[in-house]
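The values are calculated or read from the model by the stated rules, or taken from the named source; none is laboratory data. These figures come from a predicted structure and were not determined experimentally. Positions of Cβ are backbone-derived with ideal geometry, glycine not excepted, and every protein chain shown enters the neighbour counts. To get the accessible areas, we keep the full protein, side chains included, count just its heavy atoms, and leave off ligands, DNA and RNA. Shrake-Rupley method; radii C 1.70, N 1.55, O 1.52, S 1.80 Å.
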Amino acid sequence: MVLVFCQKAIPTLALTAFLSPSSHPSQGEAPNYHLPWAGTNYCPDHPQKRRRHPIKLKHSMAELEKKLYKLEIYCHSLKLGLETREALIIALLKISKKIFEIEIDLAQCGNKRNHRNGNTKASDGKTSVASRAYTINLDNFSKRLKSFYSHWKDHKSDLWGSSEVIAIATPPPSEDLRYLKSSALNVWLLGYEFPETIMVFMKRQIHFLCSQKKASLLDVIRKSAKEAVGAEVVTHVKARNDDGTAMMEEIFRAVHAHSKSDGHESPVVGQIAKEAPEGNLLETWAEKLKDSGFQFIDVTNGFSDLFAVKDSTELTYVRKTAYLTSSVMKYFVVPKLERVIDEEKKVSHSSLMDETEKTILEPARLKLKLKAENVDICYPPIFQSGGQFDLKPSASSNDDNLYYDSTSVIICAIGSRYNSYCSNLARTFLIDANTAQSKAYEVLLKAHEAAISALKPGNKVSAAYQAALSIVEKDAPELAANLTKSAGTGIGLEFRESGLSLNAKNDRELKAGMIFNVTLGFQNLHAPTKNPKTEKFSLLLADTVIVNDNKPEVLTSMSSKAVKDVAYSFNEDEDEEEEQPKPKAEANGKEPFLSKAQLRSVGNEMSKEEQRRQHQAELARQKNEETVRRLAGGETVMGDARGGVRAVGDVIAYRSVNDVPPSKELMIQIDQKNEAILLPVHGIMVPFHVATVKSVNSQQDSNRSWFMRINFNVPGTPFNSHDANSLKFQGSIYLKEVLFRSKDSRHISEMVQQIKTLRRQVASRESERAERATLVTQEKLQLAGGKFKPMRLPDLWIRPPFGGRGRKLPGTVEAHVNGFRYSTSRHDERVDVMYGNIKHAFFQPAEKEMITLLHFHLHNHIMVGNKKTKDVQFYVEVMDVVQTLGGGRRSANDPDEIVEEQRERERKNRINIDFQNFVNRVNELWEQPQFKGLELEFDQPLRDLGFHGVPHKSSAFIVPTASCLVELIETPFLVVTLIEIEIVNLERVGLGQKSFDMAIVFKDFKKNVLRIDSIPSASLESIKEWLDAADIKYYESRMNLNWPPILKRITDDPQAFMEEGGWEFLNLEASDSDSEKTEDSDQGYEPSDVQSDSGSEDEDNDSASLVESEEEEEEDSEEDSEEEEGKTWEELEREASNADREHGDESDSEEERKRRKIKAFGKSRIPDRGGPSKRPKLR
């Protein structure tokens, strides 16, 4: 027996087959078996037209089982070997199991298939199954039928071709994705697609030729049609085996009678000319029409204009499908691409297409409240990269892998349908884009926005394309030839509505309620790269837009197309920077002797240093004028940085003698309720409030007796200033100390412990009350409800943590209408952060850290538990901070813990992406008009510009952001707003120093100067570059300064401060130049980098040793020291040792070290502000 299997490469297509003998074999001859495919309608040349759902089986399970049984008997008769027979039976059983699974799938997907055939749901969203009766929305039918007849009457001559009769024939159902005017009319008018149905519209009659089931559904519209347009509905029921000829003749007679009543001999029949007849019924209908003697006219333009303006119900459906499309792009496609690129995975375009299509068909994956049975795709999602681009709507995703190397371009286009209404969205993503790609995208973005802005009622349809073309011709005329020939089409029940193409020749008028798929792109552009996969690229943008009376509404704006959101930077471009000096070296015509670092220092960095000095000089002038103007206006007055003394109210233990609890024994007692201590004094129990106690302790003497000493707060003594009570009772006598003796050591210890505990509780309560008294009253949090669902980020920890000794619990952050709320499972652990109180918001993903965090720096303090704070942080640990070394057993399959490390990386990436999605959604919320004045946006630290330092007590990694200088890992946190900085002074800067300090002076002189100590000297140049780019004036000094008296002098006499040159007294170069004018100077030598900037003899000597030049300097310094008078040998020895320490062991390579710093900084400098901003790398 021979089994012949027809194999065909059909991706993601469920095929079922049955075995049947091709012919009856003669005796002793083995029959040939084949697998006939069961009605697939699959066309390999057109993958976008393949069937998207399980197929219908030709045979039942009973018939299949009979065939399997006969085949098994035949195998026995041929006396085949046991192994061969069992293998064949196993294969056949697998086929039967697969068929059984497909039949289950068919039962589950029945609604979807019926919808494809036009037999499931109404366009008003009401769904039905086979057992439920179909219903037609009579209100929509009446309204739209009246609109149809009114439009037909008003535009009979120009759009409907003076037709008296309109005949529409709907073809049989098809699994292909196609858009027909006849099907669109069915859905628009009746709410369902009626396949194999003929509709004939006349002034006084409407004829339907269809099956019995469809005719029964149409009975309900008779009364509505009569009331709406005065037309009688006539149904002609076609039997199953009837070709419908007789009923067609009845319709023709009715048409002739209608035409004669209107005085016309030959009726003019309108039809959709481009739709070819399909099926027996429609083919018969087409032949009968040819022999009828009617005049025919194409009415496609009439239907296009009728469908162009959407009513409120249609607009709702388009908004829902646009929301689905943009949600899939933003919350699935973009994170998926970021994950693939960041993890450097190999994923094909076709697999991305399949996953995206599944996400569209299952909205629950994205937590969207849209029913899956109402959702479909407009076309299979399109993913293109690697230099092969097709901007036509018929493009498809091939099986090539996604290409995301440097300067690559990725195009993604998706479209979805909701209740048969379409939406479309396309985005282009740039990976490490070069200048040509960035410029082209910026021009395309500007042109796309211009096309959308031109969609206003009263304008011509061509105005959109003309607006886009004018932008391209103005900003980049060389790209005009590559611009697409249209800016999109109308969209609705059809993906491309005919007659509404946004090209340069369409003179139709725009009206409010029209919907357009605005699509614009550049085809076949060339980039200056040597890689064939990036040398040729294309760009594409598409959005679904509604034409409104005021301004166009972009329904898919949720998915951002801004440069900062589509341009990704995954490389540091180090190779490009290394190659910059090479052309200069080649231009010399010979191999240079100096190194690349020396060439860069002499050729490029010298000019940059000079530019930085000029910029700093200009900043100094502006800063001095601003400071004097501010001080002269009295805006800032020097004061005590500490807050005012806290006022203490009256301390009362008991208001009357009767309130004192009676005591039978003269023993020390503690009244917890009234917070009092009862002490026996001369036989009387005297109460003291615990707040008056300064300290209490106990000790033992030599006679084994125990003493308890209680010290009280007495006004006027050190550390006890006069409070309100001391001023109120100025003539009173105060008790300073009491001493009690007892033989009972246990009682003494208990009393001491109870007093200390009570005193600690009262002090904590009073401190918290005082802190809350200074809090600013915040607005009340408005909880999200109704349509606005709060955005949530679960399983987070908070810093500062809540108080208490119980086990700490994670909580959830929710974004509500006007603020965030963090809460745990405990009812008393809740923190509200209002949007209006947020000064800065930061998102820092975990890269080299153990946590991913959201940090909020506030305008006013809030209480977190019993702590008063201006900084609130929510974080999650991406991996275990503490691990037991050698304590756990390693897996035998993973001894090197490679799998565990991979799992940790995946968890870190997943957490970072969850945080990023939350941040993106909150940023969108903050872009709404009610939050524009707050200017809120999550800022992200720039790790490349970070440096190590000691801002408080421990070393930390300090990182600049776009608006701040922050350190968000170690506590206490550091958040410095750049616009609040007056100047920055870099202290202890000099040769031989391994580190230096940074002093930050604020514009508000009431604030203490912030010091960041022990910054490595290797970070000096990069910090200077960053400060200069941030327009912050900085100075350098060789020693630390005492800032409080300096600031006090400035505020006391601003005029003298200005006359003395303002902040220029900190200028190291100016002070050095003044010191050169004096013969005797103890200010030390001038830094070598100042001397090296000017021409030196070392440059003339080409390869002269730097050691020799410095030896000459040492000899000169020794000769000068010998000429000085009045110094002993010990003083000279001390000065020489100090000089040696300043020069350091590496003084002979100082110039080389300086150039290495410049080279290192060149790889981490701030990017050029003129270029497009890019997203940071997720890793």
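Among residues of segment 735-750 that are surrounded by 14 or more Cβ atoms within 10 Å (Cβ to Cβ), those with a beta-carbon under 7 Å from a residue that is part of a helix (DSSP H, G or I) at least six positions away or on a different chain give the pairs 742/748.
This table checks each residue for (1) open to solvent by 40 Å² or more (accessible area, probe 1.4 Å); (2) modelled with pLDDT of 90 or more.
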| site | (1), (2) |
| --- | --- |
| 938 | no, yes |
| 951 | no, yes |
| 984 | no, yes |
| 1011 | yes, yes |
| 1029 | no, no |
| 1035 | no, yes |
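Being farther than 20 Å from residue 222 by Cβ, surrounded by 16 or more Cβ atoms within 10 Å (Cβ to Cβ), touching a Lys or Arg at 6+ places or on another chain (Cβ under 8 Å) and among the small types (Gly, Ala, Ser) is a property that residue 182 lacks.
Within segment 230-281, being part of a loop (DSSP other than H, G, I, E, B) and on the phi > 0 side of the Ramachandran plot holds for 230, 244, 263.
Screening segment 608-642 for residues that are part of a loop (DSSP other than H, G, I, E, B) and either hydroxyl-bearing (Ser, Thr, Tyr) or open to solvent by 50 Å² or more (accessible area, probe 1.4 Å) (or both) and picking the one that is modelled with the highest pLDDT gives 633.
Can you tell me how many residues within segment 360-369 are open to solvent by less than 10 Å² (accessible area, probe 1.4 Å) and among the small types (Gly, Ala, Ser)? Number of matching residues: 0. Does residue 343 qualify as being of a type outside the set (Ser, Thr, Tyr) and more than 27 Å from residue 513 (Cβ to Cβ)? Spelling it out, residue 343 is indeed of a type outside the set (Ser, Thr, Tyr) and more than 27 Å from residue 513 (Cβ to Cβ). Per the listing 357, 338, 344, 314, the residue uniquely without any contact (Cβ under 8 Å) to a residue 24 or more places away in the chain, acidic (Asp, Glu) and either in a helix (DSSP H, G or I) or open to solvent by 20 Å² or more (accessible area, probe 1.4 Å) (or both) is 344. Taken over segment 195-207, the criterion of being open to solvent by 10 Å² or more (accessible area, probe 1.4 Å) and in contact with a Leu (Cβ under 8 Å, 6 or more places away or on another chain) is satisfied by 196 alone.
Looking at the structure I just gave you, is residue 287 under 60 Å from the mean Cα position of the chain (by Cα) and surrounded by 14 or more Cβ atoms within 10 Å (Cβ to Cβ)? So residue 287 fails the test. Within 60 Å of the chain's Cα centre (by Cα) and either more than 16 Å from residue 190 (Cβ to Cβ) or open to solvent by less than 20 Å² (accessible area, probe 1.4 Å) (or both): does that describe residue 237? It is true that residue 237 is within 60 Å of the chain's Cα centre (by Cα) and either more than 16 Å from residue 190 (Cβ to Cβ) or open to solvent by less than 20 Å² (accessible area, probe 1.4 Å) (or both). Going by what's in this entry, would residue 368 be described as in contact with a helix residue (DSSP H, G or I) (Cβ under 7 Å, 6 or more places away or on another chain), touching a residue at least 40 places away in the same chain (Cβ under 8 Å) and part of a loop (DSSP other than H, G, I, E, B)? Taking the combined requirement at face value, the residue satisfies it.
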